[in-house]
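One structure is given here, and the rest of the page talks about it.
Rule-based calculations on the coordinates, nothing more; no lab input. Computed from a predicted structure; not experimentally measured. Here the Cβ positions follow ideal geometry from the backbone for every residue, glycine too, while neighbour counts run over all protein chains shown.
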Amino acid sequence: MHQADLALLALRVVFGVFLALHGYNKVWGGGKLAGTAGWFESIGMRWPHVQARLAATTEMGAGLLFALGLLTPLAAAGMIGVMFVASYTHRGFFVFKDGWEYSASIGVVAWAVATIGPGEWSLDHALGIDREAGWSARRTARRAP
């Protein structure tokens, strides 16, 4: 169904690229990585320099993989993990009040795409490693005498 594939592509590209850019900004934006580490320290993180690097790397890597639909379950797991931590560190609900709802929304989108699969318009599908191909092959193998 092309509508579902188009919707999955839009979700993957928008959320994946935006998250990758968010990670890029942690490293090369305003305060650079030192500024990100300083902010992480100010909110009580124990190893702010390590955690800033891990957050930025995860956001860039998982975001790009998610956008491409490549290793989608792994990319979604990375997004969910980093968004869980982001949600946990926020104090309120609304993002404009240091809230967690935006981070949680990104995590839910990653979970939903991983659950549904990346769609036909993904590198996972092109390479034959998408979930449906894997499950179909296993179902076929079990039916064989």
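When both the range 51-90 and the range 1-38 are represented by their alpha-carbon centers, they are found 9 Å apart. Taking the fewest neighbouring Cβ atoms within 10 Å as the starting point, the ordered list for ILE43, ILE116 is ILE43, ILE116. Neighbour counts of other Cβ atoms within 10 Å put LYS32, LYS97, LYS26 in the fewest-to-most order LYS97, LYS32, LYS26.
Any chance you could run the full-extension gain for LEU127 through PHE18? It's 0.36 nm times the residue separation minus the Cα-Cα distance, nm to one decimal.
Values: separation 109, 0.36 × 109 = 39.24 nm, distance 2.46 nm.
Contour length minus the Cα-Cα distance gives 36.8 nm.
Principal semi-axes of the equivalent ellipsoid, √(5λ) from the alpha carbon gyration tensor of the chain, are 33, 15, 14 Å from largest down.
Please rank THR36, THR89, fewest neighbouring Cβ atoms within 10 Å first, as an exposure proxy. It would help to have the intermediate numbers written out before the result.
Values: THR36 23, THR89 14.
Fewest-to-most Cβ neighbours within 10 Å comes out as THR89, THR36.
PHE93 to LEU6: extension gain in nm, 0.36 nm per residue of separation minus the Cα-Cα distance?
Numbers: separation 87, 0.36 × 87 = 31.32 nm, distance 3.08 nm.
Additional length available on full extension: 28.2 nm.
For helix 101-116, report the angle its Cα long axis makes with the longest principal axis of the Cα atoms of the chain; keep it between 0 and 90° and round to the nearest 10°. The two axes meet at around 20 degrees. In terms of its alpha-carbon gyration tensor, the range 1-56 comes out prolate; a/c meets the 1.5 threshold, and the first ratio a/b outweighs b/c.
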